[in-house]
Amino acid sequence: MIRRVFPYLRPYKWPFIIALTQVFLISALELLKPWPLKLIIDHVLSNKPLPWGVVEGTIDPPTILVLTCLALVLIYLFLGGLTLLNNFTTIKIGQKMVNDLRRDVYSHLQRLSLAFHNRRQVGDLLYRVTADTYSIQSITMNGLFPIVTALLLLTGMFLIMIRIDWVLTLLALAVCPALFLSISLLSGKISKAAMDARQQESEVYSVVQRAMSDPRAAAQFVVSRFKSDACVMGGVAMVMHDILSRPGLDGAQSPRQSGVFASQVSKRNDHSPQLLINHDGSSLISQSSRN
């Protein structure tokens, strides 16, 4: 997998290095967040002397409180700005990689045979090009950077806590094996559920593609049937008008006249394909007069 993903990451190696540096800085700021609270608890509330060789009485507790609060605000501001910048950088790299992968997948589909395209549904191929290509962004940007951040935080907290109290550190880390075991047991089910969801989404794309491509053909079929029925009824009306306009007819028809009417209607209906083409009134009359 790394061998396939790395060629798409190589053109963006410098932005990737910048994003990785941002991750290190974010992890460092995350580790600094508890220090202002430690100073407040140890040296403001408990009145303990400050470390780092500060002469006692040089800085009073209210000043320490103000400085630690300002330091905490600055840490959160820098952390928020770096997080925003890191999100922008990683999303930009990921989107460029997705576009490159989409281009290659589309070019590969264009080179496949017609037999392949006859076996596969168009909606499924559209889903592969538009949705499945996001996997490269999930692997690199949404997968790699959170793992690096978690490892850096875990290592930093372990080193800090082991210097403070190694027993408490071991007790805190005792939950890690249970977490790894639960993740290993659930990862298979989660992967299967994700694959099923992807397959269902692909089927939705196929159904929507078929439904959206058929209304025009269905509308043309309905219009043609309507024109055909209108032409047949127009032919029937013209035959009735011709028969009723003959002299000597007072509205009642003899069996012979009914037979003439039926035969003329049948003869008119035989020309219904021509009437379908010339469906307006003038063309219908001229077609009838020629017959």
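The values are calculated or read from the model by the stated rules, or taken from the named source; none is laboratory data. Since this is a predicted model, take the numbers as computed values, not measurements. We place every Cβ from the backbone using ideal geometry, glycine too, and count neighbours over all the protein chains shown.
Regarding the stretch 120-129, can at least one residue be identified that is more than 20 Å from Ser202 (Cα to Cα) and within 25 Å of the chain's Cα centre (by Cα)? Scanning the stretch 120-129 turns up no residue that is more than 20 Å from Ser202 (Cα to Cα) and within 25 Å of the chain's Cα centre (by Cα).
Could you go through the stretch 109-124 and let me know if any residue there is under 30 Å from Phe16 (Cα atoms) and free of Cβ contacts under 8 Å to residues at least 24 places away in the same chain. Looking for residues that are under 30 Å from Phe16 (Cα atoms) and free of Cβ contacts under 8 Å to residues at least 24 places away in the same chain, one finds at least one in the stretch 109-124, hence yes.
As a summary of the residue check, Arg198 satisfies the conditions (1) within 29 Å of Leu9 (Cα to Cα); (2) modelled with pLDDT of 80 or more; (3) not assigned by TED's automatic domain parsing to the domain that holds Ile26 except for the one numbered (2). Answer yes if at least one residue in the stretch 140-159 is at pLDDT below 85 and of a type in the set (Val, Ile, Thr), and no otherwise. Scanning the stretch 140-159 turns up at least one residue that is at pLDDT below 85 and of a type in the set (Val, Ile, Thr). Being over 17 Å from Ile17 (Cα atoms), touching a residue at least 12 places away in the same chain (Cβ under 8 Å) and not charged (D, E, K, R) is true of Thr130. If the condition is being part of a helix (DSSP H, G or I) and surrounded by fewer than 16 Cβ atoms within 10 Å (Cβ to Cβ), then the stretch 33-46 contributes Pro34, Trp35, Leu37, Lys38, Ile41, Asp42, Leu45.
Residues considered: Leu65, Leu144, Leu84, Leu70. Of these, the only one that is without any contact (Cβ under 8 Å) to a residue 24 or more places away in the chain, surrounded by 15 or more Cβ atoms within 10 Å (Cβ to Cβ), of a type in the set (A, V, I, L, M, F, W, C) and farther than 18 Å from Gln209 by Cβ is Leu144.
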